[in-house]
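The values are calculated or read from the model by the stated rules, or taken from the named source; none is laboratory data. Treat the numbers as computed from the prediction; the structure is a model and nothing was measured. Using ideal geometry, Cβ is built from the backbone for each residue, glycine included, and neighbour counts are taken over all protein chains shown. These area figures cover heavy atoms from the full protein model, side chains too; ligands, DNA and RNA do not enter into them. Shrake-Rupley method; radii C 1.70, N 1.55, O 1.52, S 1.80 Å.
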Amino acid sequence: MLNVPPKELRENIARANGYLRRNEIPRALKTMSVALRQFAGVQLMRAARAELDIQISEFLTALVHHQAMQPLLDPSRSGKPRPIPYQLGKEAALATVLDGLERILVNKEEETIRKRTEDHMERKKTLIETGTRLLREGQLAKGRAFLKRVAEEFSDDDGIRIQLGKIFAAQGQLMEAAEMYEESMERQPKEAAAYTGAVAAWLELREYERAEKVFLAILRVFGGHPNTFGKMAKMYWDWRKRDKAEEFAQRALQGNPAQPEAKEVMEAMDAIRRK
């Protein structure tokens, strides 16, 4: 027989009580269950055993009065929860009871999370559908307000601003689309779709200065690419900045002699020179 309980056993009982104080009830139950099975497997002197019995009893007393346990142990809310019995030598049986309680709580937490997720998705879907419908009906201010509310309420959802940018663009709300894409650029700097969406919207609005800023951000984040240079060449041509248009067309063609926007710009430049 041992005079001192094994260190791992003592530590698990201490951890279980610590988890309980921190309101981590499933972890507390699981850890105490492990400790009880360890306890059942060792032979201890009476004094050493008494010390652990006290700690286990204290754990069970605190557990049955914990708010999270009331629906299970005090379903009538009488204020007198059912005690969890503990008999000396029956540690394994108590461990089985705690395992059962832990499974119930985990299942309950998972169901709560599932329901919260479903409610979250349903509200987002409703707001998006309502905002899109209002835009189609010509109620632009209301439609924009609904969709912007989605961006605020669901700001942590991956890709939400790109999704909203596409909706705004499809409904002809290009300014809102561009701004939504730019918000996405700030929050997810590596999301290429945000940059291409913003560029497309600003170019369609002929907001060349704002499109240029996005293009420069693309170069900083993703580096140069013939297609990027070609699109920039076309932008500068439409903006009537011919020197810049020629510069970026040449850069595009160096990387890809068949780049279509760059070829179009250079052909237009040659036509002007021939006149």
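Below are the figures for this structure:
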| read-out | value |
| --- | --- |
| Within segment 127-197, trypsin sites (Lys or Arg not before Pro) in DSSP loop having at most 13 other beta-carbon neighbours inside 10 Å | K190 |
| Whether segment 108-234 is rounded, prolate or oblate, judged on the alpha carbon gyration tensor where a/c under 1.5 counts as rounded | oblate |
| Within the accessible area of the chain (1.4 Å probe), percent carbon and sulfur | 50 percent |
| Cα-Cα P(r), segment 50-179, percent of pairs per 10 Å interval | 11, 27, 15, 11, 14, 14, 7, 1 |
| FRET efficiency estimate (nearest 0.05) - Cβ-Cβ, T112 to A145, R0 35 angstrom | 0.65 |
| Between segment 255-275 and segment 147-209, the Cα center-to-center distance that results, in Å | 31 Å |
| Farthest positive-ward along the chain dipole, Cα basis, beta-carbon charges - from A177, Q38, I128 | Q38 |
| Accessible area of the chain divided out per residue, in Å², using a probe of 1.4 angstrom | 59 Å² |
| Accessible area in the full protein assembly, largest first, 1.4 Å probe, for W237, W202 | W237, W202 |
| Sparsely packed GluC sites (Glu not before Pro) within segment 127-232, loop by DSSP, other Cβ within 10 Å at most 12 | E137 |
| Spread of Cα-to-Cα distances over 5 Å intervals beginning at zero, given as percent, for the chain | 1, 5, 9, 10, 9, 7, 6, 5, 6, 6, 6, 6, 6, 6, 5, 4, 3, 1, 1, 0, 0, 0 |
| Relative contact order [Cα under 8 Å, 6+ residues apart], segment 83-168, whole percent | 17 percent |
| Under 9 Å, Cβ to Cβ, from A233 - net charge with Lys/Arg +1 and Asp/Glu -1 | 0 |
| Sequence of S33, S57 from largest to smallest accessible area, 1.4 Å probe | S57, S33 |
| Segment 23-163 - percent relative contact order, Cα under 8 Å, separation 6 or more | 23 percent |
| Once the Cα gyration tensor of segment 134-208 is diagonalised, semi-axes √(5λ) in Å | 19, 17, 8 |
